[in-house]
1. At a 10 angstrom cut-off on C-beta neighbours, averaged per residue, how do the peptides B:294-300, B:84-90 rank from highest to lowest?
2. By counting other Cβ atoms within 10 Å of each Cβ, how are B:92, A:145 ranked from fewest to most?
3. If a/c stays under 1.5 just call it rounded; otherwise compare a/b with b/c (prolate if a/b is bigger, oblate if not). Do that for the protein assembly as shown, with a ≥ b ≥ c from the square roots of the Cα gyration tensor eigenvalues.
4. Report, in degrees rounded to the nearest 10, the 0 to 90 angle that the Cα long axis of helix B:2-18 makes with the longest principal axis of chain B.
5. Give me the distance between the Cα centres of the stretch B:111-151 and the stretch A:118-184, rounded to whole Å.
6. Which shape class applies to chain B: rounded if a/c is under 1.5, otherwise prolate when a/b exceeds b/c and oblate if not, where a ≥ b ≥ c are the square roots of the Cα gyration tensor eigenvalues?
7. Normalising by the residue count of the stretch A:2-323, find the relative contact order in percent from Cα pairs under 8 Å and 6+ residues apart.
8. Place a point 7 Å from the Cα of residue A:322 along the Cα-to-Cβ direction; which residues of the stretch A:269-307 have their backbone N under 15 Å from it?
């Protein structure tokens, strides 16, 4: 009898307990509106994201062999470059994401020489520019560990660059009148490990990566005969980075990233073989993200702080992405 | 030092933002089109910013555009500025402003061929350093007229910054081989950004506004306080070694009239866009060369710009603008991109 009473009471209590239960349902459309701080490190299954970004830079200053920042003088002149890329990302599972990124380049190099032959003066202007599609990047990201309240996420990222861009200078008239290549002419495989922890409204990330460049062949010197193909090997790159990110309000997030890149020596297998300098740069990259529903507008400035044999000018990126 | 300041600002941002509220009736979250020409009593406003100026064109003295990029003499200026305003009373504000900038101006590279000698010459004039400190007062009408505002202002730049150029750092490298002599000469001048004299500034502002729009006109006249005693550097080259000698000289900056007309549209409470027209006209001034005063050509520049402002949080506003030149004379034709923040606090 007592068992029956207890059983009945338990059943009655269960219904009252159950009525107090609430279930928070998050709609997929809301998940697609999460900010860069909140969203998972890879896209959720079935989510598709497309982005368009434009980058502008110029070459005015450079870090020299002593790490001093100085203005470029001499034959290099002045260069400005626009780069546009479209990135297509898709979540195959909640942990696996693929990415495809075609790039379009528009760059121009300016320099001029005033030649004095006694009383005769001639001015020669360069006509060196390059417009066209560059190399194609295919990426695959896999979340090794998904983030929980107590542990960070870890994601393995891989990128393979296909040399689809024009690798050789064309329309060569002389050393200062030709079309620049828009591709690198080499395959590149890059691997990266990235970890992130969210402590809302903040997040912290660390990443380490390495990219390996395969040997290629292309025309290096536009004043050579056009068929003078030379083998080369670009130096491999080591990346180390970390970021501290936070919400300025519900829909604006500021990312503060510090990145270190180190490049090995480039080799040009001419006769004799030319070996370039090792170079490195430590940069600060603030990114301002505006999350407007499924749209995200972002601005990045790549600011070289310290370096060696590396351009010392900022690099500006303005991008827009949308999650379907 | 710059990095420390930057880190300090970044570290402080979340604390300024955490106190945000959705209450738009607050002075600190006042909409762009509702703001008077001076800030409110007890309001402290700190405005740091960064301006990138890309000068790839220049207007000559006839108003024709020269392509500096084609000549590889395009120039870039990085300017970091800081402005602090405080509302002493409701109709009177005090302003202090200072900036730091750096820019390199190249000349075309020259090759001189003479018999078996080839001389290659490049020249760079670098401008780097702090500006003078501007202190100013602005006063607006002490009574409210619906949809209208008017202000007058006066101030002066105090010549606290270094204005005498540092010793140049020219270099010369010669190489002799069987074909002759190659000389590579690099002239590098190191200039400062100080003016070396007081610059007085007088201005006025007028504003019309509705619930969604505001039109603001500002005009300023800057008057040079007097001639400046400074130095130039003369150099001699002997066997790849430069020797320098400073030579006293005088200069007098010109006077400048500048104005702007800005149209603001308050799209939503926390977001406003603007378009503007900016003009600058300079006249007077001279430089002394070998005891002879050479007057400056008159100069002017007209540009148009667009921008936006976002009320990010109660204490923080962000704004960006871009200005493009449309006409000018004897002046660089720069593209200017400005990114700034505004931190606002109430002290009373």
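1. Output ranking for B:294-300, B:84-90: B:84-90, B:294-300.
2. So the ranking, lowest neighbour count to highest, is A:145, B:92.
3. Oblate shape, in that a/c is at least 1.5 and b/c is the bigger or equal ratio.
4. Once rounded, the angle reads 10 degrees.
5. Centre-to-centre distance over Cα atoms comes out at 35 Å.
6. In terms of gyration-tensor shape, prolate.
7. On the way: 861 pairs, mean separation 51.5, N = 322.
Computed value for the stretch A:2-323: 16 percent relative contact order.
8. A:292-298
Each reported figure results from applying straightforward, stated rules to the coordinates on display, with no laboratory input. What you see is a predicted model; the values in this text were computed from it and never measured. Every residue, glycine among them, receives a Cβ derived from its backbone with ideal geometry; neighbour counts consider all protein chains shown.
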